[in-house]
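S.K.: Supplied in structure tokens, the structure appears directly below.
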Amino acid sequence: MYRKRNMSIVSLAFVILFSLVLSACGTNSNDSNAENGDADSGENSGSSANLGDKDITIPYVAWAGCVAGTNVMKATLEDVGYNVTIKQVGKGAMFSSIAEKDADAMMCTWLPNNAVHLWDEHKDDLVKLNKNIDTAPIGLYVPTYMDIDSIGDLKGNEEVGKGTDWTITGNDPGSGNVELTKRAVKKYGLDKWEVQTSSDSAMVATLGNKVDQKKPVITTLWKPHYAFGKYDLKMLKDPKNIYGDPDSIWTTSRKGLKEDSPAAYKILKQFDWTYDEMNEVMVNIRKGTDPEKAGKEFVKEHQDLVNEWKKGIK
């Protein structure tokens, strides 16, 4: 009787010991993945990401879509506990500040066309996280009431030329679409035409003034842009393919952000939205709402979407 009882105790102890060994093996496997930096595997399995360094800086250019995306991301990151600073800078400074680790991420990297030169200059120090807008065509846009359909239709077109003072109304000097438009002027033989640069807001003001008078106007626009929520516009065909295939808008970060601020990296990587969603913020800002407030309002009113961006965050 004593022998059987003693054997039972030994058997039970063996089972408990065996279970502890199995449990330890499982823990070691997970620890090994973490030590080897297998973060992508962790993200795919739905693991939680910690905040890490809570100070995040996002530079942006004063383009309507960039302002909208930056302020929505600021509100989203602050919602989970980050301290977010946003800074308006020039296009070149937006890239260089992130490459030099003076800033952390940007919401408006247009590739493969618009920002190709800056990307090539800094790509070794940058990380492409995700396309937040899949298709973003740039080119020449006119009101739908204008009786032209192609860039080639501008060559020798006295009616349109005189009506616009032989001017194509552009946005920021040095921007990708302005430089491509200058190339298009040469390639299409538009000898009398000039590209006039100003700013995004000045370009749209000119567009609005001309549309109100039903006069001809040609602009170096892009999608998404709040102008399309206000005016009926069409893109001129580009048979010479000067503007190339449509860009995508990428969220881009500095190297090392994934390790320094894992949750911020994960939210940035999971961020994407539609033309209509971006346009909602752009129009709200255009109507006079402070950009930061517009970002907060969007986050508050689209919790299902925002929760997708925050999936896997503690």
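S.K.: Out of the residues in the stretch 41-100 that are among the hydroxyl-bearing types (Ser, Thr, Tyr) and modelled with pLDDT under 95, state the one that is surrounded by the most Cβ atoms within 10 Å (Cβ to Cβ).
M.R.: Selected residue: SER47.
A quick yes/no check of all residues on (1) of a type in the set (S, T, N, Q); (2) surrounded by fewer than 17 Cβ atoms within 10 Å (Cβ to Cβ); (3) touching a Lys or Arg at 6+ places or on another chain (Cβ under 9 Å):
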position: GLN213; (1), (2), (3): yes, yes, no
position: SER248; (1), (2), (3): yes, no, yes
position: GLY295; (1), (2), (3): no, no, yes
position: LYS310; (1), (2), (3): no, no, yes
position: ILE313; (1), (2), (3): no, no, yes
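S.K.: Could you look through the stretch 128-145, keep only residues that are more than 13 Å from the chain's Cα centre (by Cα) and buried (at least 19 other Cβ atoms within 10 Å of the Cβ), and pick out the one that is modelled with the lowest pLDDT?
M.R.: This residue is ILE138.
S.K.: Condition (residue is surrounded by fewer than 16 Cβ atoms within 10 Å (Cβ to Cβ), modelled with pLDDT of 95 or more, not in a strand (DSSP E or B) and not β-branched (Val, Ile, Thr)) applied to the stretch 111-121: is it met by at least one residue?
M.R.: Yes - at least one qualifying residue is present in the stretch 111-121.
S.K.: Assigned by TED's automatic domain parsing to the domain that holds GLY81, surrounded by fewer than 21 Cβ atoms within 10 Å (Cβ to Cβ) and basic (Lys, Arg): is that true of ARG286 in this structure?
M.R.: Taking the combined requirement at face value, the residue satisfies it.
S.K.: For VAL204, are the conditions met, namely being of a type outside the set (Gly, Ala, Ser), within 26 Å of GLU277 (Cα to Cα), buried (at least 18 other Cβ atoms within 10 Å of the Cβ) and not assigned by TED's automatic domain parsing to the domain that holds ALA227?
M.R.: When the stated conditions are applied, VAL204 does not pass them.
S.K.: Specify the residue that is farthest from GLN270 (Cα to Cα); the eligible residues are those in the stretch 81-121 that are of a type in the set (Val, Ile, Thr) and in contact with a Leu (Cβ under 7 Å, 6 or more places away or on another chain).
M.R.: Looking at the filtered set, the residue picked out is ILE98.
S.K.: Can you name every residue in the stretch 47-81 that is assigned to a loop (DSSP other than H, G, I, E, B) and of a type in the set (Ser, Thr, Tyr)?
M.R.: Matches in the stretch 47-81: SER47, SER48.
S.K.: With the structure loaded, tell me whether ASP124 is more than 23 Å from the chain's Cα centre (by Cα), assigned to a helix (DSSP H, G or I) and more than 24 Å from MET73 (Cα to Cα) or whether it fails that test.
M.R.: The answer is no for ASP124.
S.K.: Related question: Within the stretch 223-254, restricting attention to residues that are closer than 30 Å to HIS122 by Cβ and of a type in the set (Phe, Trp, Tyr), which residue is modelled with the lowest pLDDT?
M.R.: TYR226
S.K.: Continuing with the same structure: Say we look at the stretch 170-188 and pick out the residues that are of a type outside the set (D, E, K, R) and touching a Gly at 6+ places or on another chain (Cβ under 9 Å); which of these is modelled with the lowest pLDDT?
M.R.: GLY174
S.K.: Right, something else. Can you tell me which of (1) among the β-branched types (Val, Ile, Thr); (2) in contact with a Gly (Cβ under 7 Å, 6 or more places away or on another chain); (3) within 20 Å of ILE148 (Cα to Cα) is the one VAL283 doesn't meet?
M.R.: Status for VAL283: all satisfied but (3).
The values are calculated or read from the model by the stated rules, or taken from the named source; none is laboratory data. Just so it is clear, the structure is predicted and the values come from calculations on it, not from any experiment. Reconstructed Cβ throughout: ideal geometry from the backbone, glycine too, with neighbour counts over all protein chains shown.
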